[in-house]
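For reference, the structure is listed below as structure tokens.
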Amino acid sequence: MEAKKLEADLRVGDIYQKLPYPDGSFEAIVSTQVMHHNTIGNIRELIREMERVLAPKGVVFITVSKRGRKKDEKEIAPDTFVPMSGGEEGLPHHYFNEETLRKEFGNFEINDIWEEKGGGHWCLLGELKDQKTE
């Protein structure tokens, strides 16, 4: 970034904690293959926090795991499984289908939802609804 004379405020944090930004700080949020690594309760809190920091009509692009239990996983909560071996051993995966994805992002105008080509993920592109006019 320095070579191209670009500036950014980059921070490392826990996505399941309150984000250190004021309400309406961002025009867009991108989250790829991250937010499904928890139980649905914590994921819902994250979605509410995304809504808080997005500006009115802010855009979100996310990818999450598709529903589909794999072998050698233990169910720890409804639709949430933990691999018992491999590179993601012990890391929770909440599996979504299109219906639950639309439900959880109900405060967004969904522009598109599609299955990732050749992968096990859903992709969602949406715009935060203007809560003042709803």
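The values are calculated or read from the model by the stated rules, or taken from the named source; none is laboratory data. Because the structure is a prediction, the values reported are computed rather than measured. Note that each Cβ is placed from the backbone with ideal geometry, even for glycine, and that neighbours are counted across all protein chains shown.
Is one or more of the residues making up the stretch 14-23 surrounded by 14 or more Cβ atoms within 10 Å (Cβ to Cβ) and touching a Ser or Thr at 6+ places or on another chain (Cβ under 7 Å)? So far as the stretch 14-23 goes, no, none of its residues is surrounded by 14 or more Cβ atoms within 10 Å (Cβ to Cβ) and touching a Ser or Thr at 6+ places or on another chain (Cβ under 7 Å).
Tell me, yes or no, whether the stretch 67-89 has at least one residue that is modelled with pLDDT of 95 or more and out of contact with any Ser or Thr (no Cβ under 7 Å at 6 or more places or on another chain). Among the residues of the stretch 67-89, not one is modelled with pLDDT of 95 or more and out of contact with any Ser or Thr (no Cβ under 7 Å at 6 or more places or on another chain), which makes the answer no.
The number of residues in the stretch 1-55 being at positive phi and either of a type in the set (Gly, Ala, Ser) or part of a strand (DSSP E or B) (or both) comes to 1. Annotation: of all residues in the stretch 72-109 being of a type in the set (Ser, Thr, Tyr) and not in a strand (DSSP E or B), the one that is farthest from LEU124 (Cα to Cα) is SER85.
Scanning the stretch 115-134 for residues that are surrounded by 12 or more Cβ atoms within 10 Å (Cβ to Cβ), farther than 13 Å from ILE47 by Cβ and of a type outside the set (D, E, K, R) yields GLY119, GLY120, HIS121, TRP122, CYS123, LEU125.
Please enumerate the residues belonging to the stretch 27-44 that are within 15 Å of PRO92 (Cβ to Cβ) and surrounded by 14 or more Cβ atoms within 10 Å (Cβ to Cβ). Matches in the stretch 27-44: GLN33, MET35, HIS36, HIS37, ASN38, THR39, ILE40, ASN42, ILE43. Looking at GLY120, GLY126, just one residue is at pLDDT 95 or above and under 20 Å from THR32 (Cβ atoms), and that residue is GLY126.
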